[in-house]
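Report on the following structure.
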Amino acid sequence: MRFRTLLLPFCIVALAACTHAPPRNPLAHWVPSANHDARRPILIVIHYTEQDSVERSLRTLRTRNSGGPVSAHYLIGDDGTLYQLVADEHRAWHAGAGSWGAISDVNSASIGIELDNDGREPFSEAQIAALLRLLEDLTTRWRIPRENVIGHADLAPTRKIDPGALFPWRRLAAAGFGIWPDPALVEDPPPGFDPVRALRLIGYPVDAPEAAIRAFRLRFRGLDGTVLDAEDLRILHALTAPHP
(Lines give C-alpha, C1' and ligand atoms only; values in the text may rest on other atoms or scores of the structure.)
Protein backbone atom coordinates (compact mmCIF):
# COMPACT_ATOMS: atom_id res chain seq x y z
CA MET A 1 0.00 0.00 0.00
CA ARG A 2 2.84 2.35 0.90
CA PHE A 3 4.57 1.51 -2.39
CA ARG A 4 1.41 2.30 -4.36
CA THR A 5 1.03 5.60 -2.51
CA LEU A 6 4.58 6.61 -3.37
CA LEU A 7 4.26 5.47 -6.96
CA LEU A 8 1.11 7.51 -7.70
CA PRO A 9 2.79 10.95 -7.83
CA PHE A 10 5.48 9.63 -10.18
CA CYS A 11 2.81 8.20 -12.51
CA ILE A 12 0.99 11.53 -12.58
CA VAL A 13 4.21 13.39 -13.45
CA ALA A 14 5.02 10.88 -16.18
CA LEU A 15 1.56 11.17 -17.70
CA ALA A 16 1.76 14.96 -17.64
CA ALA A 17 5.12 14.84 -19.39
CA CYS A 18 3.70 12.58 -22.09
CA THR A 19 0.71 14.88 -22.56
CA HIS A 20 2.92 17.89 -23.31
CA ALA A 21 5.68 16.06 -25.18
CA PRO A 22 6.23 17.22 -28.76
CA PRO A 23 5.00 14.91 -31.53
CA ARG A 24 7.68 12.52 -32.71
CA ASN A 25 7.82 10.39 -35.82
CA PRO A 26 8.44 6.77 -34.75
CA LEU A 27 10.34 6.18 -38.00
CA ALA A 28 13.08 8.62 -36.99
CA HIS A 29 15.60 9.03 -34.19
CA TRP A 30 14.58 11.95 -31.95
CA VAL A 31 17.52 14.36 -31.79
CA PRO A 32 15.87 17.60 -30.62
CA SER A 33 17.00 21.05 -31.66
CA ALA A 34 16.21 24.27 -29.85
CA ASN A 35 16.16 26.17 -33.17
CA HIS A 36 12.44 26.34 -33.80
CA ASP A 37 9.45 28.56 -33.13
CA ALA A 38 5.69 28.45 -32.99
CA ARG A 39 3.58 29.53 -35.95
CA ARG A 40 4.12 33.26 -36.37
CA PRO A 41 1.08 35.08 -37.80
CA ILE A 42 1.77 38.00 -40.13
CA LEU A 43 -1.79 39.15 -40.87
CA ILE A 44 -4.92 40.05 -38.90
CA VAL A 45 -8.36 39.55 -40.46
CA ILE A 46 -11.46 41.31 -39.12
CA HIS A 47 -14.93 39.79 -39.55
CA TYR A 48 -18.46 40.43 -38.36
CA THR A 49 -20.52 37.51 -37.10
CA GLU A 50 -23.76 38.36 -38.94
CA GLN A 51 -25.62 36.83 -35.99
CA ASP A 52 -27.98 38.22 -33.37
CA SER A 53 -26.07 37.59 -30.14
CA VAL A 54 -22.61 36.90 -28.78
CA GLU A 55 -23.93 33.69 -27.19
CA ARG A 56 -25.05 32.35 -30.56
CA SER A 57 -21.71 33.35 -32.12
CA LEU A 58 -19.77 31.57 -29.37
CA ARG A 59 -21.75 28.41 -30.11
CA THR A 60 -21.14 28.71 -33.84
CA LEU A 61 -17.42 29.37 -33.48
CA ARG A 62 -17.06 26.30 -31.30
CA THR A 63 -19.09 24.03 -33.57
CA ARG A 64 -20.01 24.80 -37.18
CA ASN A 65 -22.04 26.93 -39.55
CA SER A 66 -23.78 25.97 -42.79
CA GLY A 67 -20.41 25.46 -44.46
CA GLY A 68 -18.93 23.20 -41.79
CA PRO A 69 -16.66 23.65 -38.74
CA VAL A 70 -15.62 27.27 -38.21
CA SER A 71 -13.64 29.18 -35.60
CA ALA A 72 -11.73 32.38 -34.91
CA HIS A 73 -9.02 33.34 -32.48
CA TYR A 74 -11.07 36.11 -30.84
CA LEU A 75 -14.64 37.32 -30.56
CA ILE A 76 -15.47 40.83 -29.30
CA GLY A 77 -18.95 41.40 -27.93
CA ASP A 78 -21.01 44.51 -28.53
CA ASP A 79 -20.25 45.55 -24.94
CA GLY A 80 -16.49 45.21 -25.51
CA THR A 81 -16.07 41.85 -23.77
CA LEU A 82 -13.19 39.95 -25.34
CA TYR A 83 -13.31 36.16 -25.77
CA GLN A 84 -10.46 33.96 -27.00
CA LEU A 85 -11.39 30.67 -28.65
CA VAL A 86 -8.12 29.55 -30.29
CA ALA A 87 -4.53 30.13 -29.17
CA ASP A 88 -2.68 32.71 -31.25
CA GLU A 89 -0.07 30.18 -32.37
CA HIS A 90 -2.71 27.74 -33.66
CA ARG A 91 -4.47 27.82 -37.03
CA ALA A 92 -8.12 28.83 -36.71
CA TRP A 93 -10.67 28.21 -39.47
CA HIS A 94 -11.93 31.72 -40.11
CA ALA A 95 -10.81 32.94 -43.52
CA GLY A 96 -11.74 30.20 -45.97
CA ALA A 97 -10.71 30.38 -49.61
CA GLY A 98 -9.01 33.59 -50.67
CA SER A 99 -5.68 35.41 -50.73
CA TRP A 100 -3.99 38.65 -49.82
CA GLY A 101 -0.90 39.63 -51.76
CA ALA A 102 1.36 36.59 -51.89
CA ILE A 103 -0.49 34.86 -49.03
CA SER A 104 -2.72 32.12 -50.42
CA ASP A 105 -3.30 30.07 -47.23
CA VAL A 106 -4.65 32.91 -45.11
CA ASN A 107 -5.69 30.72 -42.18
CA SER A 108 -2.08 29.59 -41.71
CA ALA A 109 -0.72 33.13 -41.74
CA SER A 110 -3.33 35.09 -39.82
CA ILE A 111 -5.22 35.79 -36.63
CA GLY A 112 -8.99 36.06 -37.04
CA ILE A 113 -11.08 38.51 -35.01
CA GLU A 114 -14.88 38.27 -35.09
CA LEU A 115 -17.01 41.26 -34.06
CA ASP A 116 -20.50 40.64 -32.67
CA ASN A 117 -22.43 42.58 -35.31
CA ASP A 118 -25.25 41.65 -37.66
CA GLY A 119 -23.87 43.74 -40.54
CA ARG A 120 -26.65 46.34 -40.37
CA GLU A 121 -25.83 48.23 -37.16
CA PRO A 122 -22.98 50.62 -36.37
CA PHE A 123 -20.19 49.11 -34.29
CA SER A 124 -20.33 50.19 -30.66
CA GLU A 125 -17.74 52.44 -29.05
CA ALA A 126 -16.91 49.77 -26.46
CA GLN A 127 -16.37 47.20 -29.19
CA ILE A 128 -14.04 49.35 -31.28
CA ALA A 129 -12.08 50.43 -28.19
CA ALA A 130 -11.60 46.75 -27.27
CA LEU A 131 -10.56 45.97 -30.84
CA LEU A 132 -7.93 48.72 -30.81
CA ARG A 133 -6.51 47.40 -27.53
CA LEU A 134 -6.37 43.90 -28.98
CA LEU A 135 -4.70 45.08 -32.19
CA GLU A 136 -2.07 46.93 -30.17
CA ASP A 137 -1.40 43.77 -28.17
CA LEU A 138 -1.25 41.40 -31.14
CA THR A 139 0.89 43.56 -33.41
CA THR A 140 3.33 44.19 -30.56
CA ARG A 141 3.62 40.62 -29.22
CA TRP A 142 3.77 38.93 -32.62
CA ARG A 143 5.57 41.76 -34.43
CA ILE A 144 2.84 41.83 -37.08
CA PRO A 145 3.21 44.84 -39.39
CA ARG A 146 0.54 47.30 -38.30
CA GLU A 147 -0.59 47.83 -41.88
CA ASN A 148 -1.38 44.11 -42.17
CA VAL A 149 -4.90 44.47 -40.78
CA ILE A 150 -7.53 43.64 -43.39
CA GLY A 151 -11.19 42.68 -43.66
CA HIS A 152 -12.64 39.34 -44.67
CA ALA A 153 -13.97 40.94 -47.86
CA ASP A 154 -10.47 42.10 -48.80
CA LEU A 155 -9.13 38.55 -49.08
CA ALA A 156 -12.33 36.93 -50.38
CA PRO A 157 -14.12 39.62 -52.42
CA THR A 158 -16.18 37.17 -54.45
CA ARG A 159 -17.68 35.61 -51.30
CA LYS A 160 -17.66 38.09 -48.42
CA ILE A 161 -18.52 41.70 -47.57
CA ASP A 162 -17.62 41.78 -43.87
CA PRO A 163 -16.80 43.76 -41.84
CA GLY A 164 -19.00 45.84 -44.11
CA ALA A 165 -19.58 49.45 -45.08
CA LEU A 166 -20.15 50.61 -41.48
CA PHE A 167 -16.81 49.44 -40.14
CA PRO A 168 -14.62 52.45 -39.11
CA TRP A 169 -11.45 51.81 -41.13
CA ARG A 170 -10.50 55.49 -40.95
CA ARG A 171 -10.48 55.33 -37.15
CA LEU A 172 -8.29 52.22 -37.19
CA ALA A 173 -5.89 53.96 -39.55
CA ALA A 174 -5.75 56.99 -37.25
CA ALA A 175 -4.64 54.60 -34.50
CA GLY A 176 -1.98 53.17 -36.83
CA PHE A 177 -3.68 50.00 -38.10
CA GLY A 178 -4.40 49.04 -41.68
CA ILE A 179 -3.81 51.34 -44.63
CA TRP A 180 -5.48 54.63 -45.48
CA PRO A 181 -4.62 57.29 -48.07
CA ASP A 182 -2.81 60.40 -46.89
CA PRO A 183 -5.20 63.28 -47.79
CA ALA A 184 -2.25 65.34 -48.95
CA LEU A 185 -1.44 62.70 -51.58
CA VAL A 186 -4.95 62.21 -52.97
CA GLU A 187 -4.70 63.68 -56.45
CA ASP A 188 -5.60 62.73 -59.99
CA PRO A 189 -3.50 59.82 -61.25
CA PRO A 190 -1.30 60.26 -64.31
CA PRO A 191 -2.38 59.13 -67.79
CA GLY A 192 -2.14 55.39 -68.22
CA PHE A 193 -2.78 54.66 -64.55
CA ASP A 194 -3.95 51.05 -64.22
CA PRO A 195 -6.45 50.67 -61.35
CA VAL A 196 -6.52 46.86 -61.48
CA ARG A 197 -2.74 46.77 -61.14
CA ALA A 198 -3.07 49.17 -58.20
CA LEU A 199 -5.59 46.87 -56.54
CA ARG A 200 -3.15 43.98 -56.97
CA LEU A 201 -0.30 46.05 -55.49
CA ILE A 202 -2.42 46.76 -52.40
CA GLY A 203 -3.04 43.04 -51.96
CA TYR A 204 -6.47 42.38 -53.47
CA PRO A 205 -6.96 39.20 -55.52
CA VAL A 206 -8.02 40.48 -58.94
CA ASP A 207 -9.11 37.28 -60.69
CA ALA A 208 -12.58 38.81 -60.50
CA PRO A 209 -11.86 42.55 -60.88
CA GLU A 210 -15.43 43.71 -60.21
CA ALA A 211 -15.48 41.86 -56.88
CA ALA A 212 -12.13 43.39 -55.91
CA ILE A 213 -13.47 46.85 -56.79
CA ARG A 214 -16.53 46.27 -54.64
CA ALA A 215 -14.40 45.22 -51.65
CA PHE A 216 -12.13 48.25 -52.16
CA ARG A 217 -15.07 50.67 -52.31
CA LEU A 218 -16.68 49.18 -49.19
CA ARG A 219 -13.47 49.64 -47.26
CA PHE A 220 -12.29 53.05 -48.43
CA ARG A 221 -15.56 54.75 -49.38
CA GLY A 222 -18.23 52.89 -47.40
CA LEU A 223 -20.02 52.48 -50.72
CA ASP A 224 -21.24 49.50 -52.70
CA GLY A 225 -20.70 49.18 -56.43
CA THR A 226 -18.38 47.59 -58.96
CA VAL A 227 -17.45 50.63 -61.06
CA LEU A 228 -14.58 52.93 -60.07
CA ASP A 229 -15.22 56.67 -60.11
CA ALA A 230 -12.72 59.54 -60.13
CA GLU A 231 -12.36 59.60 -56.33
CA ASP A 232 -11.68 55.87 -56.27
CA LEU A 233 -8.88 56.38 -58.79
CA ARG A 234 -7.38 59.18 -56.72
CA ILE A 235 -7.43 56.97 -53.60
CA LEU A 236 -5.87 54.04 -55.44
CA HIS A 237 -3.14 56.29 -56.77
CA ALA A 238 -2.44 57.72 -53.31
CA LEU A 239 -2.18 54.22 -51.81
CA THR A 240 0.18 52.84 -54.46
CA ALA A 241 2.24 55.66 -55.96
CA PRO A 242 5.86 55.93 -54.76
CA HIS A 243 6.35 58.95 -52.52
CA PRO A 244 9.44 60.47 -50.86
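The values are calculated or read from the model by the stated rules, or taken from the named source; none is laboratory data. Computed from a prediction, not measured in an experiment: that's the story for all the values here. FYI the Cβ positions are ideal-geometry reconstructions off the backbone, even for glycines, and counts take in every protein chain you see. Surface accessibility is based on the protein's heavy atoms, side chains included, excluding ligands, DNA and RNA. Shrake-Rupley method; radii C 1.70, N 1.55, O 1.52, S 1.80 Å.
For this structure, a couple of remarks:
Per-residue answers, yes or no, for (1) open to solvent by 20 Å² or more (accessible area, probe 1.4 Å); (2) at pLDDT 95 or above; (3) aromatic (Phe, Trp, Tyr):
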position	(1), (2), (3)
Pro32	yes, no, no
Arg40	yes, no, no
Tyr83	yes, yes, yes
Asp105	yes, yes, no
Leu138	no, yes, no
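- Residue in the stretch 142-150 that is open to solvent by less than 70 Å² (accessible area, probe 1.4 Å) and out of contact with any strand residue (DSSP E or B) (no Cβ under 9 Å at 6 or more places or on another chain) present: no
- Exactly one residue out of Ala156, Ala174, Ala198 is modelled with pLDDT of 95 or more, more than 16 Å from the chain's Cα centre (by Cα), open to solvent by less than 50 Å² (accessible area, probe 1.4 Å) and of a type in the set (Gly, Ala, Ser), and it is Ala198.
- Residue satisfying condition, being modelled with pLDDT of 95 or more, touching a helix residue (DSSP H, G or I) at 6+ places or on another chain (Cβ under 7 Å) and either within 23 Å of Ser99 (Cβ to Cβ) or not aliphatic (A, V, I, L, M) (or both), within set Phe220, Phe167: Phe220
- The requirement of being in contact with a helix residue (DSSP H, G or I) (Cβ under 7 Å, 6 or more places away or on another chain), charged (D, E, K, R) and assigned to a loop (DSSP other than H, G, I, E, B) is not satisfied by Asp207.
- Number of positions in the stretch 69-81 that are open to solvent by 20 Å² or more (accessible area, probe 1.4 Å) and more than 14 Å from Leu134 (Cα to Cα): 4
- Within the stretch 53-61, one or more residues are farther than 21 Å from Gly164 by Cα and charged (D, E, K, R).
- Hits in the stretch 49-68 - residues which are open to solvent by 70 Å² or more (accessible area, probe 1.4 Å), closer than 25 Å to Ala109 by Cβ and of a type outside the set (Gly, Ala, Ser): Glu50, Arg62, Thr63, Arg64, Asn65
- Here the strands (runs of 3 or more DSSP E) wholly within the stretch 27-111 that include at least 3 residues being touching a helix residue (DSSP H, G or I) at 6+ places or on another chain (Cβ under 9 Å), under 19 Å from Arg159 (Cα atoms) and in contact (Cβ under 8 Å) with a residue 12 or more places away in the chain are 43-48.
- Residue in the stretch 208-221 that is surrounded by fewer than 17 Cβ atoms within 10 Å (Cβ to Cβ), within 20 Å of Ser104 (Cα to Cα) and hydrophobic (A, V, I, L, M, F, W, C) present: yes
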